[in-house]
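Structure record follows, encoded as structure tokens.
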Amino acid sequence: MSLMSPDALEAALRAIGEERYHIHHPFHHLLHGGKLTKAQVQAWALNRYYYQASIPAKDASLLARLPTPDLRREWRRRLVDHDGDGTHPGGVERWLALTDGLGLDRAYVVSLQGLLPATRFAVDAYVRFVREKSLLEAIASSLTEMFSPDIISQRVSGMLRNYDFVTAETLAYFTPRLTQAPQDVAFALSYVKQYADTAEKQEQVLAALRFKCDLLWVQLDALHFAYVAPGLPPPGAFRP
């Protein structure tokens with residue numbers, strides 16, 4: 001692989017999303033197309049909670065390695081977005097409002113007792129990746145947010161249109177992400193384009209984004225297998 005220009009690198013990153021982002025997953029189409037039962041939507045929300053709740057831990061480990069105050073301030077904003085500031089709720093609390101709205105017991109959701117093993121393995125692998133890989137790779141792995149506005153728009157409109165047990169209040173998690181995610185992308189993409197200055201580093205950046213897309217995809221694979229077809233939740237997992 002030869003060294004690409006920064007704009008060519010961005011184009012290669014976006015091509016990965018076109019191919020691999022989980023907006024293309026069959027479970028995504030079922031969820032947003034109104035083809036799932038309430039119990040299947042509950043299973044998705046319960047498992048997705050672990051991903052949402054682990055994002056601040058992932059971001060805190062990255063924050064600890066940033067070398068300048070400016071960079072740390074930029075990344076600290078992500079922690080506030082997800083954990084809240086003690087006065088205004090963050091994304092984790094808003095996700096729990098979603099599981100509340102779907103009729104799940106909050107204590108059960110937070111206990112993580114009903115998680116699919118694949119959900120736990122995938123999310124833990126992501127936290128470990130960000131903690132152990134280079135700073136450049138860790139930041140690059142966040143760039144799935146380049147593609148999130150489209151999936152959020154489909155999710156909100158599709159679920160509101162197709163499920164009578166979903167309300168705008170239930171889906172309130174997603175509204176701030178429509179502005180937060182582009183802000184996060186602007187920083188992360190600029191950083192990656194500046195510091196991926198060798199062919200080797202560029203390949204690492206592309207591999208990091210592929211890895212992140214893969215772990216989002218495999219979570220939906222597990223949900224589909226356990227709750228759609230063949231419908232075989234493993235021992236200990238949530239059973240509607």
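The values are calculated or read from the model by the stated rules, or taken from the named source; none is laboratory data. None of the values given here were measured: they were computed from a predicted structure. As a convention, Cβ positions derive from the backbone with ideal geometry for all residues, glycine included, and neighbour counts pool all protein chains shown.
Give the residues of segment 48-80 that are over 12 Å from the mean Cα position of the chain (by Cα), of a type in the set (S, T, N, Q) and within 30 Å of Gln113 (Cβ to Cβ), sorted by residue number. Passing the criteria: only Ser61.
Scanning segment 132-152 for residues that are closer than 14 Å to Ile16 by Cβ and in contact with a Lys or Arg (Cβ under 6 Å, 6 or more places away or on another chain) turns up Ser141, Thr144. From the list Ile16, Ile23, the one residue that fits, being crowded, with 17+ Cβ neighbours inside 10 Å and modelled with pLDDT under 95, is Ile23.
Counting the residues of segment 116-139 that are crowded, with 17+ Cβ neighbours inside 10 Å, more than 14 Å from Asp214 (Cα to Cα) and among the small types (Gly, Ala, Ser) gives 1.
Is it fair to say Ser190 is in contact (Cβ under 8 Å) with a residue 24 or more places away in the chain, among the polar types (S, T, N, Q) and surrounded by fewer than 16 Cβ atoms within 10 Å (Cβ to Cβ)?
Details: in contact (Cβ under 8 Å) with a residue 24 or more places away in the chain: no; among the polar types (S, T, N, Q): yes; surrounded by fewer than 16 Cβ atoms within 10 Å (Cβ to Cβ): yes.
No, not satisfied.
Among the candidates Leu31, Leu36, the residue that is surrounded by 18 or more Cβ atoms within 10 Å (Cβ to Cβ) and outside any helix (DSSP H, G or I) is uniquely Leu36.
In summary, Thr87 fulfils each of the numbered conditions (1) touching a residue at least 24 places away in the same chain (Cβ under 8 Å); (2) more than 19 Å from Ala207 (Cα to Cα); (3) of a type in the set (S, T, N, Q) with the single exception of condition (1).
Please return the ranges of helices (runs of 4 or more DSSP H) entirely within segment 67-185 where 2 or more residues are over 16 Å from Leu31 (Cβ atoms) and acidic (Asp, Glu). Steps first, please.
On the way: elements: 69-83, 91-101, 106-111, 117-132, 135-140, 148-162.
Counting at least 2 such residues, we get 69-83, 91-101, 117-132.
Filter segment 125-168 for residues that are free of Cβ contacts under 8 Å to residues at least 60 places away in the same chain and of a type in the set (D, E, K, R); which is nearest to Thr198 (Cα to Cα)? Step by step, filter segment 125-168, then rank; the result is Glu132. Selection of segment 1-28 for residues being assigned to a helix (DSSP H, G or I) and closer than 18 Å to Ser153 by Cβ yields Arg14, Gly17, Glu18, His22, Ile23, His24, Phe27, His28. Keeping to segment 220-240, report how many residues are buried (at least 19 other Cβ atoms within 10 Å of the Cβ) and either closer than 12 Å to Tyr21 by Cα or of a type in the set (A, V, I, L, M) (or both). Within segment 220-240, residues that are buried (at least 19 other Cβ atoms within 10 Å of the Cβ) and either closer than 12 Å to Tyr21 by Cα or of a type in the set (A, V, I, L, M) (or both) number 5.
Just for segment 156-195: of the residues that are polar (S, T, N, Q) and touching a helix residue (DSSP H, G or I) at 6+ places or on another chain (Cβ under 6 Å), which one is nearest to Leu143 (Cα to Cα)? So the residue we want is Gln180. Hey, can you tell me all the residues within segment 75-103 that are crowded, with 20+ Cβ neighbours inside 10 Å and in contact with a Leu (Cβ under 7 Å, 6 or more places away or on another chain)? The answer is Trp75, Leu98, Thr99.
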